[in-house]
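To keep things clear, I will list the structure first and then write my remarks on it.
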Amino acid sequence: MNIKASIVRELAEAAGFDLVGFGPADPGDHAQHFENWLQSGRAGEMSYLHKNRERITKPHSWAPDVRSSISLAFEYGSSETRIEGGAKVARYAVGRDYHRVLGKRTRWLREKLEAEGLSKGEVKVGTDAVPILERALATQAGIGFLAKSSGIISPEKGPYLLLSELLTPLELPIDLPAPGSCGSCTRCLDACPTEAITAPFQVDARKCISYTTIELRGSIPKELRALQGEWLFGCDVCLEVCPFTSKSSRGSDKGNQLPPELQRHSALDDFTLVGILGLSAADYEEHWTGTAMRRATRQGLRRNAAVVLGNLGDEAHLPALCRTLEDPDPILREHAAWAIACIDPSCKALDDRLGREENPTVRSAIQDAVAER
Ligand code: B12
Ligand code: SF4
Ligand code: SF4
């Protein structure tokens, strides 16, 4: 059975996607780049990528009947988001968890295709947390070009795109590649605070602030903390500096608002940066459930807040950081010690804690902090 391409496009638009394209259901040459990337260790501790490497590079191994992918993109370009107290949150993460929001839209599209005659179970749905190289499928379906930041940029809609896809048994006409390229621009490589874009199209996730603030559990490498600046969750620098952001149409200053579920979540107004540092388990469950930022975990959000407070360097934040130096969680104590040393290495709370601290990593962090004097 086949469904006319024009009907699929109409339904994808009705589902709320800004771009739709058809391409092969296989990552093609991109699979080898992914393999090289994994082998070189640039995935850091994202073990799910290693675990699923076979499924990721060979979709036919788990979806033998698929013939084409319907690549979908939602443009979320928006204004900068700040938490009271100074921290910044990556634009894609300010609202409800986009996996749920876009997943719902993608499943709606699948149901409509089933109503058009596709058999149930034949279509596979993906949004981010799936064993699919989404950028590879999107660029092969003409959604945008592969940019030096390693992102997919639409010449019409810019770089702030979230991707989703349906792998289908349909024979759909493959779209032409999107026009445009980075040309001689290197702004994102030059601006990346941690030099995580090690060469055009190559990102070392271990250095990327998006990885260290969201995916990485435990300690943030010391040498990356100051470079994190004010980023509490994710990082948008390589997108913000991109000349193609002029194509973004969503945002309070552009008149085209995000849908309500992707607009700034109330939790971002209910908590200050210091409030996030002290976030209790009960408040985390009550206020942060359903948000995209939960991906970092409560410990991760609190840890990130400590780093940002250290980078802000404001003495007014010392009492909250000193309280965190007494937290039962050693990761929090370690990052609090680092942050206190950034603001005032002579702070007496460091000596006081050092006298009682039993965890060797935290002891060494406090000793390093004291050595800054
Ligand atoms: C792991 C991951 C990360 C990691 C690693 C990112 C990276 N660049 O590898 C971290 C946590 C750092 C991260 C950060 C971000 N991510 Co992310 N991430 C993913 C995830 C889950 C897997 C990506 C992956 O496999 N990376 C491994 C590398 C090798 O693959 P790749 O990123 O697809 O890169 C391609 C190039 O390397 C290319 N390639 C390189 N050189 C060459 C040369 C040739 C000739 C060819 C053919 C190909 C090629 O081959 C790869 C495949 O196409 C995807 C979702 C998914 N399932 O695909 C989202 C995804 C890539 N992330 C996304 C977003 C939005 C972000 C952030 C912007 C979030 C933020 N603001 O904080 C940042 C951007 C950082 C950056 N510059 O990439 C979007 C990207 C949308 C877009 N427009 O491109 C995705 C698709 C999620 C989604 N559903 O929308 N992410
Ligand atoms: S998200 Fe930030 S840290 Fe990561 S590559 Fe882009 S600019 Fe660099
Ligand atoms: S900033 Fe320049 S080099 Fe980087 S993705 Fe945008 S156009 Fe490409």
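Descriptive notes on the structure:
- Within the stretch 262-273, tally of residues that are surrounded by 20 or more Cβ atoms within 10 Å (Cβ to Cβ), in contact (Cβ under 8 Å) with a residue 40 or more places away in the chain and assigned to a helix (DSSP H, G or I): 3
- Some residue of the stretch 152-164 being among the hydrophobic types (A, V, I, L, M, F, W, C) and over 23 Å from VAL237 (Cα atoms): no
- Qualifying residues in the stretch 64-79 (those that are outside any strand (DSSP E or B) and crowded, with 18+ Cβ neighbours inside 10 Å) - the one nearest to ligand 1 (Cβ to nearest atom): TYR76
- The stretch 175-240 holds helices (runs of 4 or more DSSP H) entirely within its bounds, and those carrying 3 or more residues that are within 12 Å of ligand 1 (Cβ to nearest atom) map to 187-191, 237-240.
Each row is one residue, and each column tells you yes or no for (1) under 29 Å from the mean Cα position of the chain (by Cα); (2) charged (D, E, K, R); (3) buried (at least 22 other Cβ atoms within 10 Å of the Cβ).
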site: ARG295; (1), (2), (3): yes, yes, no
site: GLY300; (1), (2), (3): yes, no, yes
site: LYS348; (1), (2), (3): no, yes, no
site: ALA365; (1), (2), (3): yes, no, yes
site: ALA371; (1), (2), (3): no, no, no
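- So ALA282, is it part of a helix (DSSP H, G or I) and touching a helix residue (DSSP H, G or I) at 6+ places or on another chain (Cβ under 9 Å): no
- The set of residues from the stretch 151-208 being in the same structural domain as ILE70 (by TED's automatic domain parsing), buried (at least 16 other Cβ atoms within 10 Å of the Cβ), farther than 30 Å from LEU118 by Cα and within 13 Å of ligand 3 (Cβ to nearest atom) comprises GLY151, ILE153, GLY158, PRO159, TYR160.
- Restricting attention to the stretch 108-133 and to residues that are in contact (Cβ under 8 Å) with a residue 40 or more places away in the chain and not in a loop (DSSP other than H, G, I, E, B), the residue that is nearest to ARG53 (Cα to Cα) turns out to be GLY126.
The values are calculated or read from the model by the stated rules, or taken from the named source; none is laboratory data. This is a predicted model, so every value here is computed, not measured. Heads up, the Cβs are rebuilt from the backbone with ideal geometry, glycines too, and the neighbour counts pull from every protein chain shown.
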